[in-house]
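Chemist: Right, I'll just put the structure down here and ask away after.
The values are calculated or read from the model by the stated rules, or taken from the named source; none is laboratory data. Owing to the predicted nature of the structure, the values given are computational and were not obtained by experimental measurement. Cβ atoms come from the backbone with ideal geometry, glycine included; neighbour counts cover every protein chain shown. Surface accessibility is based on the protein's heavy atoms, side chains included, excluding ligands, DNA and RNA. Shrake-Rupley method; radii C 1.70, N 1.55, O 1.52, S 1.80 Å.
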Amino acid sequence: EAKAAGRNQFCVYEERMRHRRDDAMELLADLREGLRRGQIEAYYQPRCSAGDGRIVAVEALARWNHPDRGLVFPSEFIPLAEKAGLVNQVGAMILEQALRQQRIWTEAGFDLAVSVNVSLRQLCEADFSALVCRLMACYDVDPGKLELELTETLLLESNPVVHENLAQVRALGVRIAIDDFGTGYSNLARLNEMAVDCIKIDRSLIGGLPRNEQILRLVIDMCNFMQVRIVAEGIETQAAADWAFAHGCHELQGFLYGRPVPVPELEAMLYSQREEDARADSARHLAL
Ligand code: C2E
Ligand code: MG
Ligand code: MG
Ligand code: MG
């Protein structure tokens with residue numbers, strides 16, 4: 001009887017796995033179609049200066065406007081795209097949108113850097129740096145206004161193509177950030193050698209405040225030693241923002257400042273910031 005029950009349970013399990021696999025297959029077919037139809041859209045999340053909360057940069061984050069499922073998040077389709085060899089296409093699409101948008105914002109008088117997430121798989125493509133170069137020229141973007149966000153696993157990578165790509169984009173003047181720092185196993189010596197421009201401290205570390213305050217201090221000290229720009233991710237509360245600022249983080253990113261949003265919503269934030277600046281300016285003039 002116990003055996004039968006076990007078998008039964010196994011069938012339920014098998015059934016569930018089959019469903020999950022079919023679902024993934026369907027999603028993958030949809031993703032191929034979605035890429036062709038341009039359903040992948042970059043949303044933008046503000047990165048704010050720690051001192052005054054002004055938006056100094058935005059991170060482009062991929063969203064998929066699925067015709068039936070609605071908005072699909074990267075946690076659902078990026079791993080799938082990675083496995084199916086489609087992440088390069090997703091990445092190229094987001095990179096192009098972000099650079100096009102950077103040009104538009106520059107023309108509107110906003111001085112904003114854009115950061116784009118890059119999968120290790122993209123860096124394995126021999127022509128990745130050429131793509132970056134071509135798109136930057138196409139949209140006439142100042143290379144210093146583009147930052148590529150890579151994860152720590154990169155530090156363990158031995159593929160020479162990856163390092164050639166990195167050297168080439170850096171030679172163009174593009175900035176490199178290490179994303180989700182503190183979640184993986186970093187090769188600290190390698191990190192130091194690579195001379196990255198920026199380290200983004202993962203939100204799990206920030207979210208552990210004040211319990212893990214000591215660890216965070218250590219990470220920040222290390223970043224300062226390497227003379228990199230420090231971004232604190234996952235800032236959700238004023239207390240976390242205050243802590244990060246007081247302890248020397250340069251930029252803050254998180255729901256406290258804004259979630260990732262489509263272009264018009266991000267622009268509304270930029271224009272309201274500009275209005276505030278103008279108000280503060282005229283108040284200053286009146287006071288004089
Ligand atoms: P990430 O690059 O570390 O991006 C930050 C993620 O944290 C975003 O999730 C963002 O919405 C979320 N986040 C930001 N602030 C807060 C906060 O205060 N609290 C909490 N709980 N979460 C916050 P999202 O947009 O779902 O992206 C997840 C991940 O998917 C990204 O993590 C990135 O690794 C990957 N991804 C997104 N777009 C792309 C892309 O175009 N290419 C590649 N290769 N990966 C991408
Ligand atoms: Mg990122
Ligand atoms: Mg991150
Ligand atoms: Mg993350």
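Chemist: Work out the length of the dipole vector of the chain about its Cα centre, built from +1 on the beta-carbon of each Lys and Arg and -1 on the beta-carbon of each Asp and Glu, and round it to the nearest 20 debye.
Modeler: It works out to roughly 380 debye.
Chemist: Quote the FRET efficiency, to the nearest 0.05, computed for ILE104 versus ASP127 with a Förster distance R0 of 30 Å and r equal to the Cβ-Cβ distance. Write down the numbers at each step before the final one.
Modeler: On the way: r = 26 Å, r/R0 = 0.87.
Between ILE104 and ASP127 the formula returns 0.70.
Chemist: I want to check the label-to-label distance for ASP142 and HIS247. Put each point 7 Å from Cα in the C-beta direction and report it in nm to one decimal.
Modeler: 3.2
Chemist: Set the Förster radius R0 to 25 Å, insert the Cβ-Cβ distance between THR183 and ASP52 as r into 1/(1 + (r/R0)^6), and round the FRET efficiency to 0.05.
Modeler: Efficiency, rounded to the nearest 0.05: 0.30.
Chemist: Using a 1.4 angstrom probe on heavy atoms only, work out the carbon and sulfur share of the accessible area of the range 213-288 in %.
Modeler: Values: 2630 of 4580 Å².
It is 57 percent, rounded to a whole number.
Chemist: Of all the Cα-Cα pairs you can form in the chain, what percent are over 22 Å apart?
Modeler: Counting every Cα pair in the chain, those more than 22 Å apart make up 64 percent.
Chemist: May I ask which residue of HIS285, ALA246, ILE235 lies farthest towards the positive end of the charge dipole of the range 233-288, with charges of +1 (Lys, Arg) and -1 (Asp, Glu) on Cβ and the Cα centre as origin?
Modeler: In the range 233-288, that residue is HIS285.
Chemist: Can you tell me the accessible area per residue over the chain, all protein chains present, probe 1.4 angstrom, in square angstrom? Each step should come with its number before you reach the end.
Modeler: On the way: 15410 Å² over 288 residues.
Accessible area per residue, the chain: 53 Å².
Chemist: Using only C-alpha positions, report the orientation-averaged shadow area of the convex hull of the range 1-159, nm², one decimal. Don't jump to the answer; show the numbers that get you there.
Modeler: Values: hull surface 56.8 nm².
The Cα convex hull of the range 1-159, projected and averaged over all directions, gives 14.2 nm².
Chemist: While we're on this one: Tell me, what is the 1.4 Å probe accessible area of LEU131, in Å² to the nearest 10?
Modeler: Looks like 40 Å² after rounding.
Chemist: Please compute, for the alpha-carbon atoms of the range 139-288, the extent along each of the three principal axes and give them in descending order in Å.
Modeler: That gives 59, 45, 32 Å along the principal axes, largest extent first.
Chemist: Separate question: Choose one of LEU166, CYS223, GLY208: the residue whose Cα lies farthest towards the positive end of the charge dipole of the range 154-288 (beta-carbon charges +1 Lys, Arg; -1 Asp, Glu; about the Cα centre).
Modeler: It is CYS223.
Chemist: Could you pull the accessible area for VAL56 with a 1.4 Å probe, rounded to 10 Å²?
Modeler: Roughly 50 Å² of VAL56 is accessible to a 1.4 Å probe.
Chemist: Hydropathy first: keep DSSP H helices in the chain averaging at least -0.5 on Kyte-Doolittle, then drop any whose Cα extent along the axis falls short of 24 Å, and list what survives. Don't skip to the end; give the middle numbers.
Modeler: Values: long enough: 2-36 (51 Å, -0.99); 87-107 (30 Å, -0.24); 263-287 (36 Å, -0.77).
Answer set is 87-107.
Chemist: Run the simple label-point estimate for PHE10 and GLU276 please: 7 Å along Cα→C-beta, distance reported in nm.
Modeler: 6.2
Chemist: Quick one: Karplus J couplings for the range 112-120, per residue in order, coefficients 6.51, -1.76, 1.60, θ = phi - 60°, nearest Hz, x for Gly and Pro?
Modeler: Once rounded to whole Hz, the list reads 10, 8, 10, 10, 10, 7, 10, 7, 4.
Chemist: Sticking with this structure for a sec: Taking amide H positions as placed 1.01 Å from N in the peptide plane, with prolines and chain starts having none, which residues 5 or more places from VAL261, or on another chain, fall under 5 Å of its amide H?
Modeler: TYR44, GLN45
Chemist: Suppose we keep just the alpha-carbon trace of the range 84-198; what are its Rg and Dmax in angstrom?
Modeler: Rg, Dmax (Cα atoms, Å): 14.0, 42.
Chemist: Separate question: So what is the diffusion coefficient of the range 169-225 in µm² per second by Stokes-Einstein at 10 °C and 1.306 mPa s, using a Kirkwood Rh over Cα pairs?
Modeler: D, rounded to a whole number, is 129 µm²/s.
Chemist: Additional query: In whole percent, how big is the carbon plus sulfur part of the accessible area of the range 1-80, probe 1.4 Å, protein atoms only?
Modeler: In the range 1-80, the share of accessible area belonging to carbon and sulfur is 51 percent.
Chemist: Between the range 222-288 and the range 1-75, what's the alpha-carbon centroid distance in Å?
Modeler: With the range 222-288 and the range 1-75 each reduced to a Cα centre, they are spaced 29 Å.
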